[in-house]
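Participant: Please find one structure pasted underneath; my questions will follow.
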Amino acid sequence: MDSVIGPYNLTTERLFLRPVRESDAEALYACCREPEVGLSAGWKPHESLTETRGLMKQVFLDQESVWAILLSDSGTLIGTGGLIPDPKRENSRARMLGYSLGKEYWGRGYMTEAVRAMLRCGFEDMDLELISAYCYPGNERSRRVISKCGFQYEGTLTRAEERFDGAVMDNECYVLLREQYAGREA
C-alpha cells in the first residue's frame, strides 16, 4: 500500500486536529509559556510571542503530521501533537509521537483522545509499522496517556537527553506496532 501524503485533518468526538497555522501563534504561546508544560516536554517555557513564532517556523509549520489540537465546539487551541521521524530509529516507516497540552486542559482525557486519532492516521493513512513515544520517568500524566493508547514499555535510555536547564534526563521508551494497534482496534 502506498503511503498517503498529508497534511491531514483529524476529528474526534470533542476535538479537531489540523495543521498548525501562523495565526495560531498567540494561542500556542499561551500554552507554551506555562512552566509545567515545558518541563514535562523538555523545553524551556516560552518567554515571548517572538520565541513562539520562531519555534513554529522550525517545528510546526508545513509539517505533514504535526497538528494543532482544538476543541471542536469552540475552536480553542489547547495543544499540539505530531508524528515526526524518530531520531533514535533508522526506519523510514517508524515515527515518534510527541504532544503537549495547555495545563488548564489536563485531566480531561483530551490528549488520550487526540493521540488515538494520531495513531489511526499513522497506521491507517501513513502506513507506518511502528510508533514510538518517550517520556521522562516522573511524567505520570504522559505515561498514563501512553499506556491507555496501548504502547508497550521497551526500556529506559539512561541519561539520554540534556534538558534546556542543564538537567540530564532519562527517557522511558515505549512502542506500538502496527499489529498491536490492529489487534486493539478489532
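Computed from the coordinates by the stated procedures, all read-outs in this text should not be read as laboratory data. These numbers were taken from a predicted model, which means no experiment stands behind them. No Cβ is skipped: glycine too gets one built from the backbone with ideal geometry, and neighbour counts run over all protein chains shown.
Participant: Rounded to the nearest 500, what is the chain's calculated 222 nm mean residue ellipticity when only DSSP H runs of at least 4 contribute -39500 (n - 2.57) each, over all residues?
Facilitator: -7500 deg cm²/dmol
Participant: Continuing with this model, one more query. Computed FRET efficiency, Cβ-Cβ of residue 180 and residue 22, R0 35 Å: what is it to the nearest 0.05?
Facilitator: Values: r = 37 Å, r/R0 = 1.06.
Using R0 = 35 Å, I get an efficiency of 0.40.
Participant: Translational diffusion coefficient, Stokes-Einstein: compute it for segment 1-81 using the Kirkwood radius over C-alpha pairs as Rh, at 20 °C and 1.002 mPa s, and state it as an integer in µm² s⁻¹.
Facilitator: Taking Rh from Cα pairs, D becomes 161 µm²/s.
Participant: Quick check on the chain: what does the Kirkwood estimate of hydrodynamic radius come out to from the alpha carbon pairs, in Å?
Facilitator: 16.8 Å
Participant: Can you give me the orientation-averaged projected area of the convex hull built on the Cα atoms of segment 74-113, in nm²?
Facilitator: Reported value for the Cα convex hull: 3.8 nm².
Participant: Remind me, what semi-axes does segment 21-66 give for its equivalent ellipsoid, largest first in whole Å, using sqrt of 5 times each Cα gyration tensor eigenvalue?
Facilitator: 17, 12, 9
Participant: Just 160, 25, 133 to compare: in a GNM of the chain, with alpha carbon springs under 10 Å, which one fluctuates most?
Facilitator: 160
Participant: Could you state the principal axis extents of the C-alpha atoms in segment 75-143, from the largest down, to the nearest angstrom?
Facilitator: 36, 30, 14
Participant: Under a cut-off of 25 Å between alpha-carbon atoms, report the lysines in cross-link reach of residue 57, not counting same-chain residues fewer than 8 places apart.
Facilitator: Straight-distance partners of residue 57: 44, 88, 103.
Participant: Then there is this: Which FRET efficiency value, to the nearest 0.05, is calculated for residue 156 and residue 51 with the Förster distance at 35 angstrom and r the Cβ-Cβ distance?
Facilitator: Between residue 156 and residue 51 the formula returns 0.70.
Participant: Taking the Cα centre of segment 137-186 as origin, work out the dipole magnitude from +1 charges on Lys and Arg Cβ and -1 charges on Asp and Glu Cβ, in debye rounded to 20.
Facilitator: So the dipole magnitude of segment 137-186 works out to roughly 240 debye.
Participant: Per-residue HN-Hα couplings for segment 14-27, Karplus 6.51 cos²θ - 1.76 cosθ + 1.60 at θ = phi - 60°, whole Hz, x for Gly and Pro?
Facilitator: 10, 10, 10, 10, 9, x, 5, 10, 4, 5, 7, 3, 5, 5
Participant: Which value, in debye to the nearest 20, describes the size of the charge dipole of the chain about its Cα centre when Lys and Arg Cβ atoms bear +1, Asp and Glu Cβ atoms bear -1, and nothing else is charged? Let's see the in-between values first.
Facilitator: Details: 23 positive and 29 negative charges, 60 e Å.
Dipole magnitude for the chain comes out near 300 debye.
Participant: Where in segment 67-91 does the amide nitrogen come within less than 14 Å of the point 7 Å from the Cα of residue 125, taken along Cα to Cβ?
Facilitator: 67-70, 81-84
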